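Colleague: Mind looking over this structure? Questions follow.
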Amino acid sequence: MRKRVAPILGAILVMGGLAAGGSWWLMSPGTPDPDVADAELPVPPVPPRLAQSDEYERCLAMLETDPAGAKAYAEVWRPHGGGDGSAHCAGLAEIALGYPAEGAAALEALAGSSTAPELARASVFDQAVQAWMMAEEPEHAFTAATKALALSPDDPDLLIDRATAAVDLGRGPAAVEDLDRALAIAPRRVEALILRAAALRRTGALDEATRDIDSAIALDPDNPEALLERGILRERTGDRLGARADWERTISLDPDSTTADLAEQNIALLDAGPALAGSGQSAR
């Protein structure tokens, strides 16, 4: 349905399930983060439309190549009948410029006040969810996802996004409940299986987690996040050689990714000895 943004699944958790580390961007209040500015916007190939006008289309088209220009355009247009369209474009431009919290707040407020159709409003709430996660604000993300689900309760993407925030908040059972619903609707969603495996692992249900991760890898054998998680589960159950093999495979598949960085850290912890193995890192 939507073009997913990888970092929405990127809550970094300690491998032993003892603590949460946060998302893949570290933000300072009021300071644009170049990594966020360079990241993909939480925008699907065809963004949800809250209005219809040539100005709206022109503003949205500027986001990828000239977000500063898009923001300026939206601000000039707003007092001249810009309405929801200018507010939506301005919020997305904030995210593109490296201010995800400001953009998320604007999008959430817009989705709550707009008179657009419910599915379009739910999609804008979900854009806010993803921006809140970029800003390391999972509590706000969880709240925005709940508002989105009130409008579109059977959307598996929304359920997965709320579960991602729940995992980041340490709410494993809530995450599993949402992922159960998502997988009942879309049983072949690999990211849902990986996330549920991570949530189950954190609750100590290693056998159930292993079943989920095995199902994910059966569907997508070269998925780096699935291999990273399987390595963690293998290490937790004493299979250190299997864990190393999975993490080495993760690195070879996507060597410049954050997932590969986490796999390298896990291997380093494994090499450091039994006292530290088990406190490595997962992509969620």
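Read-outs: derived from the displayed coordinates by stated rules, not from any lab. Everything numeric in this text was worked out from a predicted model, so none of it was measured. Quick reminder, even Gly has a Cβ in these numbers, built from the backbone with ideal geometry, and neighbours come from all protein chains shown.
Colleague: Select from Leu158, Ser123, Val76 the residue farthest towards the positive end of the dipole of segment 71-169; place +1 on Cβ of Lys and Arg, -1 on Cβ of Asp and Glu, and compute about the Cα centre.
Modeller: Projecting each Cα onto the dipole axis, the largest value belongs to Val76.
Colleague: Then there is this: Taking every pair of alpha-carbon atoms in segment 90-143, give the share separated by more than 19 Å as a whole percent.
Modeller: On the way: 249 of 1431 pairs.
Summing the P(r) of segment 90-143 above 19 Å gives 17 percent of all pairs.
Colleague: A follow-up question, please. Quick one: putting +1 on the C-beta of Lys and Arg, -1 on the C-beta of Asp and Glu, what dipole do you get for segment 111-245 around its Cα centre, in Debye to the nearest 20? If you can, show how the numbers build up before the last one.
Modeller: Details: 16 positive and 24 negative charges, 62 e Å.
Using only the charged Cβ atoms, the result is roughly 300 debye.
Colleague: Give me the base-10 log of I(q)/I(0) for segment 134-284 at each q in 0.08, 0.15 Å⁻¹, Debye formula, one uniform scatterer per Cα, rounded to two decimals.
Modeller: Here log10 of I(q) over I(0) equals -0.22, -0.75.
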